[in-house]
Amino acid sequence: MPTLAARAAPRLMLVAAGVLLALGCGLACAPDASTPEERIRAVLAALEAGAEKKSAGAIKEHVSELYADAQGNDKRAIAQLVAFHLLRNQSVYLLTRVRSVEIEAPGAARAEVLVAMAGTPIAGPEALLGLRADLYRFDLRLAEESDGAWRIRSAEWRPAAVGDFR
């Protein structure tokens, strides 16, 4: 069975993706402020900001109470893994690329996000060649919940390559 640390890295990446969605939360969290796509992108941005500030709470608020993934994780499990990873690393720096945001139906969306995570600042995709960074591709399912906020309902992730970020 993989150690908690081994399981935490991919889950933190999920959180990082969520943080990326939330960065623009100033726009995204106000239901009448923008389009669904803009609000989702803002959630992703907020997730990125929360991860870089090492704020598990800022990430957790963008994960639905109904979260469930193929690995059997719920919101509580993801929150614990994110908190563990953030505590384990002195610094967290992300480089994110939102490859797509698709509104699949009213109140339902999918986002594909690339996330590079390192312990030092990442100047851009070209810097990834010289860094030890974890690279992931996230497929996120989001839902607009009763309070008007978009939250992550499920996520799948797999390794990404440096070339994916260009």
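The values are calculated or read from the model by the stated rules, or taken from the named source; none is laboratory data. Being a predicted model, the structure only gives us computed values, none of them experimental. Cβ: placed from backbone, ideal geometry, glycine included. Neighbour counts: every protein chain shown.
So which residues in the range 107-125 are in contact (Cβ under 8 Å) with a residue 12 or more places away in the chain and not in a strand (DSSP E or B)?
Across the range 107-125, the qualifying residues are G107, G119, T120, P121, I122, G124, P125.
Here are the criteria: (1) free of Cβ contacts under 8 Å to residues at least 60 places away in the same chain; (2) within 29 Å of P121 (Cα to Cα); (3) surrounded by fewer than 19 Cβ atoms within 10 Å (Cβ to Cβ). Tell me which single one F84 does not satisfy.
Going through the list (1) free of Cβ contacts under 8 Å to residues at least 60 places away in the same chain; (2) within 29 Å of P121 (Cα to Cα); (3) surrounded by fewer than 19 Cβ atoms within 10 Å (Cβ to Cβ), F84 breaks only (1).
Within the range 56-79, which residues are surrounded by fewer than 17 Cβ atoms within 10 Å (Cβ to Cβ) and either under 13 Å from the mean Cα position of the chain (by Cα) or in a helix (DSSP H, G or I) (or both)?
Once the filter is applied, which keeps residues that are surrounded by fewer than 17 Cβ atoms within 10 Å (Cβ to Cβ) and either under 13 Å from the mean Cα position of the chain (by Cα) or in a helix (DSSP H, G or I) (or both), the range 56-79 yields G57, R76, A77.
For the range 115-152, enumerate the residues that are farther than 18 Å from R99 by Cα, loosely packed, with under 14 Cβ neighbours inside 10 Å and among the acidic types (D, E).
Once the filter is applied, which keeps residues that are farther than 18 Å from R99 by Cα, loosely packed, with under 14 Cβ neighbours inside 10 Å and among the acidic types (D, E), the range 115-152 yields only D147.
For A83, state whether it is under 23 Å from E61 (Cβ atoms) and modelled with pLDDT under 95.
Judged against the criteria, A83 is a match.
May I ask you to list the residues in the range 123-152 that are over 18 Å from I40 (Cβ atoms) and not small (G, A, S)?
Correct list: P125, E126, L128, L129, L131, R132, D134, L135, Y136.
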